[in-house]
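Reviewing the structure listed below.
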Amino acid sequence: MATRTRRTERREEPLSRERIVEAAIELLDTVGERGLTFRALAERLTTGPGAIYWHVTGKDELLGAATDAVVAGTMPAGPADTTPQEAIRVLALGVFDAIETHPWIGNQLARSPGKSPMLRVFEHLGRQVQALGAPPAFQFTAASALLNYIVGVGGQNAADARAHQARTPDTGRTEFLDNAAAAWADLDPVEYAFTRGVAGQLREHDDRTEFLAGIDLILTGIAHRQPG
């Protein structure tokens, strides 16, 4: 009875693009891109596929709108006195966490470098790079390096987490890292001398801390390209 009541209440709400995008995000988080069909979406919204097509033309547009909605929520709205470095870190972590929460976003950002979701991030990074005083000829390179690092590492982290969950669903993160570190330590000492040497750091590292350390490395490089 409760389920029937909830469905009735939801059906009475006017169908809008915003509701469709919200439901699409919920569906993507649950079943991934392959499970996002207009039939499944219509069932979730207790409507017909034709009503959804009135608001969005197809799956590609829907994926783009869902990605844009999530990415828009990562845009910093901090105080005006925030430094460019801190603004970049806040945005980077926001995108990193969004990709971890919504793993499908990583694929969408990589597929659509010239569309709105990616451009939101690129524009914000570019403005902060300008605020850092980077030479004009270096600004595109700096903003692109930051963007590619954020999306690439965020996407890889989410992919690794999904692969770990699929292969060893009963293994916790600590045990998984212990096993991986032990495997690194057993590698050939000549062919993999460096990898063996950092095996202990693999066991102890924190993904978000390492991610921010990489951002700081890029910011340091930008600082060294200051004019004068």
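A few notes on this one:
- Close pairs (8 angstrom Cβ cut-off, 6 or more residues apart or separate chains): at pLDDT 80 or above in the stretch 106-124, outside any helix (DSSP H, G or I) anywhere: M118/S112; R120/M75; V121/T74; H124/M75; H124/P76
- Whenever a residue of the stretch 208-228 is modelled with pLDDT under 95, it has no partner that is of a type in the set (S, T, N, Q) and exposed (fewer than 12 other Cβ atoms within 10 Å of the Cβ) lying with C-beta atoms less than 8 angstrom away and at least six residues away or across chains.
- Residue that is nearest to the chain's Cα centre (by Cα), among those in the stretch 1-39 that are of a type in the set (V, I, T) and modelled with pLDDT of 90 or more: I25
- Within the stretch 175-191, the set of residues being aliphatic (A, V, I, L, M) and either modelled with pLDDT under 90 or touching a strand residue (DSSP E or B) at 6+ places or on another chain (Cβ under 8 Å) (or both) comprises L177, A180, A181.
- So A87, is it within 19 Å of V21 (Cβ to Cβ) and either free of Cβ contacts under 8 Å to residues at least 40 places away in the same chain or in the same structural domain as Q156 (by TED's automatic domain parsing) (or both): no
- All helices (runs of 4 or more DSSP H) inside the stretch 40-153 with 2 or more residues being buried (at least 18 other Cβ atoms within 10 Å of the Cβ): 59-72, 84-101, 104-111, 116-131
- Near pairs, Cβ below 8 angstrom, 6+ apart or cross-chain, from the stretch 158-183 (not assigned by TED's automatic domain parsing to the domain that holds A199 and hydrophobic (A, V, I, L, M, F, W, C)) to any residue that is modelled with pLDDT of 75 or more and surrounded by 14 or more Cβ atoms within 10 Å (Cβ to Cβ): none
The values are calculated or read from the model by the stated rules, or taken from the named source; none is laboratory data. In this text the structure is predicted, and so the values were computed from the model without any measurement. Reconstructed Cβ throughout: ideal geometry from the backbone, glycine too, with neighbour counts over all protein chains shown.
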